[in-house]
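The values are calculated or read from the model by the stated rules, or taken from the named source; none is laboratory data. In this text the structure is predicted, and so the values were computed from the model without any measurement. Please note: Cβ atoms are built from the backbone with ideal geometry, for glycine as well, and neighbour counts cover all protein chains shown. Remember, those area values only see protein heavy atoms, side chains included, never the ligands or the DNA or RNA. Shrake-Rupley method; radii C 1.70, N 1.55, O 1.52, S 1.80 Å.
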Amino acid sequence: MSTATPSRTAPDSGTAIKEKPAPLFGIMAEFDSPAAIMDAAHKVHAAGYKWWDTHTPFPVHGLDKAMGIKPTILPMLVFFLGLNGFLMGWALQLFTNSFSFELWALVPVQGYDFVVSGKPDISGPAFIPVIFELTILFSAVGCVFLMLLMNRLPQWYHPVFKSERFARATDDRFFVVIESRDPQFQKDRTESFLRSLNPMSVESLED
């Protein structure tokens, strides 16, 4: 008894394959002056949008306040990094110059009580250079890396780069982008809102 295997029929050549549309990242509005982007930022913030951003060719004074951006925790983190550098600098000086105890740091490490001309074991003025340098080192390097981490940088790709008009963001144009993940985002409603701000153009951005 033979069993017939079902034959695979080739798809009709006349049938077009529909590609799934790319998800919407957001809607972008273009402006031509700092005053226009400032006014737009005030209105977008007043409208209650949370997930949105502005892009300008140069810093616009007061734009962060217009957007309602609050101070971050970064200064506090940098303070504690500097404090950690201060304490490590102090401990390093105590170990290398004041006391002769031994500790294990992968290999035996021996401290050395460097007593010269009646130098005190704990000398604040003598410790200052090393403590200062470690405080600055920990603060500066930590600040850079924390800033990159909190801003999710480096970011090699962003949906705004698909827009040809966005190329002028480094020249003479100002942009507001409201993202689709915003709880208030509704494509038609958000687009109408951006058009009410009198932009030069409004464009949808694919993710």
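What number of residues in the range 56-92 are open to solvent by less than 40 Å² (accessible area, probe 1.4 Å) and out of contact with any Cys (no Cβ under 6 Å at 6 or more places or on another chain)? Show your work before the answer.
Taking the range 56-92 and keeping what is open to solvent by less than 40 Å² (accessible area, probe 1.4 Å), we get 57, 60, 62-63, 66-68, 74, 78, 82, 85, 89.
With the extra rule that they be out of contact with any Cys (no Cβ under 6 Å at 6 or more places or on another chain), the set shrinks to 57, 60, 62-63, 66-68, 74, 82, 85, 89.
Adding up the residues that qualify gives 11.
Report the residue count in the range 26-55 for those that are open to solvent by 80 Å² or more (accessible area, probe 1.4 Å), under 17 Å from S192 (Cα atoms) and not in a helix (DSSP H, G or I).
Residues in the range 26-55 being open to solvent by 80 Å² or more (accessible area, probe 1.4 Å), under 17 Å from S192 (Cα atoms) and not in a helix (DSSP H, G or I): 0 in total.
Tally the residues that are more than 28 Å from S139 (Cα to Cα) and touching a residue at least 12 places away in the same chain (Cβ under 8 Å), restricting the search to the range 89-118.
We begin by selecting, within the range 89-118, every residue more than 28 Å from S139 (Cα to Cα); these are 100-102, 107-108, 110, 112-118.
Next cut, touching a residue at least 12 places away in the same chain (Cβ under 8 Å) only: 100, 112-114.
Going through the range 89-118 one residue at a time, the tally reaches 4.
Look through the range 184-196, keep the residues that are out of contact with any Phe, Trp or Tyr (no Cβ under 8 Å at 6 or more places or on another chain) and part of a loop (DSSP other than H, G, I, E, B), and return whichever of them is farthest from D64 (Cα to Cα).
It comes out as Q186.
From (1) open to solvent by 40 Å² or more (accessible area, probe 1.4 Å); (2) at pLDDT below 95, pick out the condition that doesn't hold for R195.
(2)
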